[in-house]
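Visitor: Pasting in a structure now, in structure tokens, and then I'll have a few things to ask.
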Amino acid sequence: MSVKVFVPCDSSALSVGADAVAKAISEIVSARNLDVTLVRNGSRGMFWLEPLVEVETPRGRIAYGPVTADEVKGLFEAGFLDGKPHKLCLGVTDEIEYLKKQERLTFARCGITDPLSLTDYFSHGGYRGLENALKLAPEAIVQEVTDSGLRGRGGAGFPTGIKWKTVLGAKAAQKYIVCNADEGDSGTFADRMIMEGDPFVLIEGMTIAGLAVGATHGYIYCRSEYPHAFATMQKAIEIATQKGYLGDSVAGSGKAFHLDVRLGAGAYICGEETSLLESLEGKRGQIRPKPPLPALEGLFGKPTVVNNVISLASVPIILDKGGSHYRDFGMGRSRGTLTIQLAGNIKQGGLVEKAFGLTLREAIYGFGGGTATGKPLRAVQVGGPLGAYFPESLLDTPLDYEAFAANKGLLGHGGIVVFDDTVDLAHQARFAMEFCAIESCGKCTPCRVGSTRGVEVIDRIVANQDRNKNLEVLDDLCETMLDGSLCALGGLTPYPVLSAVRHFPEDFHR
Ligand SMILES: Cc1cc2nc3c(=O)[nH]c(=O)nc-3n(C[C@H](O)[C@H](O)[C@H](O)COP(=O)(O)O)c2cc1C
Ligand code: SF4
């Protein structure tokens, strides 16, 4: 019987030589005429072990990593096709603590299946959610999503069911589902991983969204920095269309859903939903004032659901297992699982899917193993470039939307960026203002002008020019940006800035 060997095709693995490893394996297999099937799977999300090679054995899948092309010959000599010991052997993959401790719902298949095999997708529970959704009235699908407690994973945490209900209730001949795959937050990669590792789950989620609100067309807006995700999504859409899971009659139901992928042009602001819609329409990415909400007047002025990749990819399991099953995970008003992305100065960076409620400390030390440098941790930024900097004393904050808000922080897309004791928070505060100045769409004054003035004020504070007076100016400026900006880019930039001043006053010589 053919032995299955898995070498990931995820960008994280490709960036550290996965293609060369796959090639080295194929060459030995051909030279020795071995019966091996090489599968290019997605990543399991343990980036420090990439390229992680797995072999299917009667004991389960056995992992080896990180593997280089030079070590491949040695793996064959050691008998890795039978799961035999080698210095890179990590044992049964599912028994690796990092994976074993997770609660994977949305990422249940990622890294396990061949991303472009519909057969694999079906045999691992794929399209069961759609099958159930096709038996339900649109209102019942929306109710299931509402009951699950799912909140948008793109940043704002808005209840997905309520958004869908608004679009369902809007009267229009054409409605759209738009998937936000711009993933601009620093330290985040969950959207990319699911698009590269399990693209059909996103297609299924968007199809269910279409059935729920009466939309017959969907668009995925993918950032230009993700060429592999873009290509994988394109191929997956082609396959799903050929097999009748997209098109004029989804799974023979007589209900239409068509899907396209579009590539962004590299602007952070195009992740904001109204800018994204402008960009999708072929215009310059600038914020549209709200109201009208995109749910009522979105793409081409039509009612539109705009949801993040992870929000949409969580829908199939909700429709498969029921809203109450999903709701059983989590704490307070944060229901289900969070896809935590560990990045920055961290020993074991990668993706951890876990019910809301885990503390920052458990994520960083229990999964991440602390800093990569081994130096003491000094600061953590959660929620991307607009997230607050938390000091060590706040590490027991649970990963929960409300707990973060209570500490003047935000969970955002679940990215956690760790810094050791060499970080200079005045420099980071300046960086936040500069980032805002560079990425500002220019539509409103507090952000366009305020961020540039903010950089100058921080420079004066650091240079000890009228330090106390300038610290007051910075406070005032941040208040104006918070209250007066048209969107959250200008409105949230004060979070990293003020948290740096509040928690690390010594870096500002306060
Ligand atoms: C400056 C800015 C950038 C954003 N970038 C993203 C992004 O890259 N991806 C994303 O899903 N949402 C992003 N958002 C949030 C979106 O505007 C929107 O809330 C989200 O796509 C809605 O989907 P959800 O309800 O599923 O989270 C951004 C918001 C702002 C203000
Ligand atoms: S806050 Fe900044 S990005 Fe947002 S509308 Fe105003 S200028 Fe544009």
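Visitor: Do you know which residues across region 144-160 are part of a loop (DSSP other than H, G, I, E, B) and either more than 16 Å from ligand 1 (Cβ to nearest atom) or without any contact (Cβ under 8 Å) to a residue 12 or more places away in the chain (or both)?
Guide: 158
Visitor: Are any residues in region 340-378 more than 30 Å from residue 328 (Cα to Cα) and buried (at least 24 other Cβ atoms within 10 Å of the Cβ), and if so, which ones?
Guide: Within region 340-378, just 346 meets the criteria.
Visitor: Moving to a separate point now. Given the criteria over 14 Å from residue 111 (Cα atoms) and open to solvent by 20 Å² or more (accessible area, probe 1.4 Å), does residue 11 qualify?
Guide: When the stated conditions are applied, residue 11 does not pass them.
Visitor: Please verify whether region 415-425 includes one or more residues that are of a type in the set (A, V, I, L, M, F, W, C), more than 16 Å from ligand 1 (Cβ to nearest atom), under 23 Å from residue 152 (Cβ atoms) and buried (at least 17 other Cβ atoms within 10 Å of the Cβ).
Guide: Yes: one or more hits.
Visitor: When you go through 465, 428 one by one, which is the residue that is in a loop (DSSP other than H, G, I, E, B) and either away from ligand 2 (no atom under 16 Å from the Cβ) or of a type outside the set (Val, Ile, Thr) (or both)?
Guide: Selected residue: 465, the only one of 465, 428 that is in a loop (DSSP other than H, G, I, E, B) and either away from ligand 2 (no atom under 16 Å from the Cβ) or of a type outside the set (Val, Ile, Thr) (or both).
Visitor: On the basis of being within 18 Å of the chain's Cα centre (by Cα) and either more than 14 Å from ligand 1 (Cβ to nearest atom) or open to solvent by 30 Å² or more (accessible area, probe 1.4 Å) (or both), does residue 197 make the cut?
Guide: For residue 197, the condition - within 18 Å of the chain's Cα centre (by Cα) and either more than 14 Å from ligand 1 (Cβ to nearest atom) or open to solvent by 30 Å² or more (accessible area, probe 1.4 Å) (or both) - is met.
Visitor: A follow-up question, please. Could you grab the pairs with beta carbons closer than 6 Å, sequence gap of 6+ or different chains, first residue in region 1-16 and over 18 Å from residue 63 (Cβ atoms), second one modelled with pLDDT of 95 or more?
Guide: So the pair list comes out as 2/35; 2/37; 11/228.
Visitor: Now a separate question. Suppose the filter is among the charged types (D, E, K, R), within 13 Å of ligand 2 (Cβ to nearest atom) and farther than 24 Å from residue 419 by Cα; does residue 483 pass it?
Guide: yes
Visitor: For region 434-451, enumerate the residues that are closer than 21 Å to residue 476 by Cβ, within 12 Å of ligand 1 (Cβ to nearest atom) and either open to solvent by 40 Å² or more (accessible area, probe 1.4 Å) or touching a residue at least 60 places away in the same chain (Cβ under 8 Å) (or both).
Guide: Passing the criteria: 435, 440.
Visitor: A follow-up question, please. Within region 475-485, can you find the residues that are small (Gly, Ala, Ser) and either buried (at least 18 other Cβ atoms within 10 Å of the Cβ) or in contact with an Asp or Glu (Cβ under 8 Å, 6 or more places away or on another chain) (or both)?
Guide: Correct list: 485 only.
Visitor: Select from region 486-505 the residues that are more than 16 Å from ligand 1 (Cβ to nearest atom) and open to solvent by less than 30 Å² (accessible area, probe 1.4 Å) and write down the one among them that is farthest from residue 290 (Cα to Cα).
Guide: This residue is 504.
Visitor: Are any residues in region 126-179 under 19 Å from the mean Cα position of the chain (by Cα) and away from ligand 2 (no atom under 16 Å from the Cβ), and if so, which ones?
Guide: Within region 126-179, 149, 150, 151, 152, 153, 157, 158, 159, 160, 177, 178, 179 qualify.
Visitor: Okay, moving on. With a cut-off of at least 2 residues that are over 25 Å from residue 12 (Cα atoms), name the helices (runs of 4 or more DSSP H) lying wholly within region 186-275.
Guide: Qualifying helices (runs of 4 or more DSSP H): 199-213, 227-242.
Visitor: Among (1) open to solvent by 50 Å² or more (accessible area, probe 1.4 Å); (2) of a type in the set (Lys, Arg); (3) touching a residue at least 24 places away in the same chain (Cβ under 8 Å), where does residue 109 come up short?
Guide: (1)
Visitor: Inside region 258-272, can you point out the residues that are within 12 Å of ligand 2 (Cβ to nearest atom) and either open to solvent by 30 Å² or more (accessible area, probe 1.4 Å) or touching a helix residue (DSSP H, G or I) at 6+ places or on another chain (Cβ under 8 Å) (or both)?
Guide: Those that are within 12 Å of ligand 2 (Cβ to nearest atom) and either open to solvent by 30 Å² or more (accessible area, probe 1.4 Å) or touching a helix residue (DSSP H, G or I) at 6+ places or on another chain (Cβ under 8 Å) (or both): 267, 268, 269, 270, 272.
Visitor: Based on this model, can you work out whether residue 473 counts as of a type outside the set (Lys, Arg), within 16 Å of ligand 2 (Cβ to nearest atom) and either free of Cβ contacts under 8 Å to residues at least 60 places away in the same chain or assigned to a helix (DSSP H, G or I) (or both)?
Guide: Here the answer is no, as residue 473 does not meet what is asked.
Visitor: When you scan region 280-302, do you find a residue that is in contact with a Lys or Arg (Cβ under 8 Å, 6 or more places away or on another chain), outside any loop (DSSP other than H, G, I, E, B), open to solvent by 20 Å² or more (accessible area, probe 1.4 Å) and within 16 Å of ligand 1 (Cβ to nearest atom), even just one?
Guide: For region 280-302, residues in contact with a Lys or Arg (Cβ under 8 Å, 6 or more places away or on another chain), outside any loop (DSSP other than H, G, I, E, B), open to solvent by 20 Å² or more (accessible area, probe 1.4 Å) and within 16 Å of ligand 1 (Cβ to nearest atom): present.
Visitor: Okay, moving on. With respect to residue 498, determine if the residue is assigned to a loop (DSSP other than H, G, I, E, B), in contact (Cβ under 8 Å) with a residue 24 or more places away in the chain and closer than 28 Å to residue 271 by Cα.
Guide: Here the answer is no, as residue 498 does not meet what is asked.
The values are calculated or read from the model by the stated rules, or taken from the named source; none is laboratory data. Since we're looking at a predicted model, the values are computed, not measured. Positions of Cβ are generated from backbone atoms using ideal geometry, with glycine treated the same way; all protein chains shown enter the neighbour counts. These accessible areas exclude ligands, DNA and RNA; they are computed on the full protein's heavy atoms, side chains included. Shrake-Rupley method; radii C 1.70, N 1.55, O 1.52, S 1.80 Å.
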